[in-house]
Structure formats: C-alpha cells, structure tokens
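Okay, so here's the structure we're looking at.
None of the figures in this text is laboratory data; all of them are computed from the coordinates on show. Given the structure is predicted, the values throughout are model-derived calculations rather than measurements. Here Cβ is always computed from backbone atoms with ideal geometry, including for glycine, and neighbour counts include all displayed protein chains.
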Amino acid sequence: MAKRKETVTRVIDGDTFLTKSRKRSVRLANVNAPEKGRRGGSKATQQLKKLIQGKQVEVNTVARDAFGRAVANVKVGKKSVNRAMTKKLKK
C-alpha cells in the first residue's frame, strides 16, 4: 500500500492516533501499548504524544484491523515510531 505524509491531530493512546486526512484512527503495527486506564497506559500515551503530536508523519499501511482502522508502520523523519514505542514500552 502507499506511503502517505499526514499530520497528526490527536494521540488517542499509546498505539493509536488520528490525522487530518483520515476519518478513522491509525494503529501502530506490532505495538501493544496498555489501554487507557490500565497501568502504564497514560505514560505510553504521553510518550507517543512527545514523538508525533502535531507533526507530519509517514504512514505506511500494512493491514486493516477488525474496526476498519489502518494498521501501519509510521515514521517521523527517518525515525520509526513503531520501533521507538516498542523500546519505550519494554522499560
């Protein structure tokens, strides 16, 4: 699928966000952050916000989930957001 440059408008949780150009949210592929309200959930959300909130990202959709969301590999500049979040969640 095509890679698209998109601007992040809102981080929902540690592995899901919205962009200006999509109706549905984007979920980071192979990243399993704790949900809101779970231990570590707000920390994961804050970490993703620091990485991508308000920034232009490259979204490379690899699949769709059961909710119709894009599941994607995401980069900010040359940095893999998926890899950065996986590392942060292991700490």
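Structure above, values below:
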| read-out | value |
| --- | --- |
| The chain, helix-only ellipticity at 222 nm - DSSP H runs n ≥ 4, -39,500 (n - 2.57), divided by all residues, nearest 500 | -7500 deg cm²/dmol |
| Angle between the chain longest axis and helix 81-90 axis [Cα atoms, degrees, rounded to 10] | 10 |
| Values of log10 I(q)/I(0), in the order q = 0.13 Å⁻¹, for the chain under a Debye, Cα-only, solvent-free model | -0.35 |
| Sequence-distant aspartates and glutamates (8 or more away, or on other chains) whose Cα lies within less than 14 Å of Lys87 | Asp15 |
| Most mobile listed residue (Arg22, Arg39, Arg64) in the chain, GNM with C-alpha springs under 10 Å | Arg39 |
| Highest average packing first - 6-18, 23-35, Cβ atoms within 10 Å | 6-18, 23-35 |
| Net charge dipole size for region 3-90 [Lys, Arg +1 and Asp, Glu -1 on Cβ; Debye, nearest 20] | 220 |
| Rounded tilt (10° steps) of 41-52 against the dominant C-alpha axis of the chain | 40 |
| Residue with peak Gaussian network fluctuation, the chain [Cα springs, cutoff 10 Å], from Lys49, Lys75, Lys36 | Lys36 |
| Subset of Lys5/Lys49; Lys20/Lys91; Lys49/Lys90; Lys23/Lys90 violating a 28 Å alpha-carbon distance limit | Lys20/Lys91; Lys23/Lys90 |
| Per-residue HN-Hα couplings for region 60-67 [Karplus 6.51, -1.76, 1.60; θ = phi - 60°; Hz; x = Gly/Pro] | 10, 5, 10, 6, 10, 8, 4, 8 |
| Inter-site label distance for Lys91 and Lys55 at 7 Å from Cα along Cβ, in nm | 1.5 |
| Cα centroid of region 43-91 to Cα centroid of region 14-30, whole Å | 8 |
| Candidates Gly77, Gly37, Gly68: whichever shows maximal mean-square fluctuation once the chain is modelled as a Gaussian network with Cα springs under 10 Å | Gly37 |
